[in-house]
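Remarks on the structure that follows.
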Amino acid sequence: MRPDRHQSSTSAEGGRPYGAGIQMAGLAAFLVASLLVAALGGLASASNVNGWYATADKAPWSPPNGVFGPVWGILYTAMAVAGWLVWRKRTEQTRSALTAYGIQLLLNLAWTPAFFALYPALGTLALWLGFGIILALISAVAVTVLFFGPISRTAGILLLPYISWLVFAASLNWWAAAHN
């Protein structure tokens, strides 16, 4: 079955597709939600990236700090578009898929303060807490991909780079926890 071709953007009850204005407002809402998570994460990490993290023992494969912002910007945009693609389909599975999406977004939001902001107070425990959160986040995104794929193949594919980056970030998190 080819979900993107065979499923319409109408509800299971035979509802009408969203109009163009509603669809653009929906896309804007998904983009704003992603931007909000990114901004809150930025607040939690801003003072700590140049604080304790600047002198932390980082993994040898850790990229320069300047790489993280652009990569996350692309990933947050892809996440928003993926969520929007699923939302606009209005299938019986949309609610479950968007619930999984919301859970992964909340876990994403929780990771940055746990890893960066709690370290000055909790030390290594904060890094291990961050590691647990990022493992849960990887699982939540994998579940989200499994929910998104049958509704919109494109939406599921858009989340695959996100999972890859999270696995990479988890390796950096593990190194920091094990060596600081």
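The values are calculated or read from the model by the stated rules, or taken from the named source; none is laboratory data. Quick caveat, the model's predicted, so the values are computed rather than measured. Positions of Cβ are generated from backbone atoms using ideal geometry, with glycine treated the same way; all protein chains shown enter the neighbour counts. Calculation scope for accessible area: heavy atoms of the full protein, side chains included, ligands and nucleic acids excluded. Shrake-Rupley method; radii C 1.70, N 1.55, O 1.52, S 1.80 Å.
Some observations on this one:
- Subset of the stretch 22-64 (residues that are open to solvent by 70 Å² or more (accessible area, probe 1.4 Å) and of a type outside the set (A, V, I, L, M)): 47, 50, 55, 60, 61, 64
- Looking at 103, 163, 151, just one residue is more than 21 Å from residue 41 (Cβ to Cβ) and of a type in the set (Val, Ile, Thr), and that residue is 151.
- A Cβ distance below 6 Å, combined with a sequence gap of six or more or placement on separate chains, defines the contacts here; from the stretch 18-33, residues that are under 19 Å from residue 91 (Cβ atoms) and in contact (Cβ under 8 Å) with a residue 12 or more places away in the chain reach residues that are open to solvent by less than 60 Å² (accessible area, probe 1.4 Å) and among the small types (Gly, Ala, Ser) in the pairs 30/80; 30/83.
- Qualifying residue in the stretch 76-96 (condition: of a type in the set (A, V, I, L, M, F, W, C), in contact with a Gly (Cβ under 7 Å, 6 or more places away or on another chain), surrounded by 14 or more Cβ atoms within 10 Å (Cβ to Cβ) and assigned to a helix (DSSP H, G or I)): yes
- Residue within the stretch 107-119 that is surrounded by fewer than 17 Cβ atoms within 10 Å (Cβ to Cβ) and part of a helix (DSSP H, G or I) present: no
Every residue, every condition in (1) basic (Lys, Arg); (2) open to solvent by 30 Å² or more (accessible area, probe 1.4 Å); (3) in contact (Cβ under 8 Å) with a residue 12 or more places away in the chain, yes or no:
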| position | (1), (2), (3) |
| --- | --- |
| 101 | no, no, yes |
| 125 | no, yes, no |
| 142 | no, yes, yes |
| 174 | no, yes, yes |
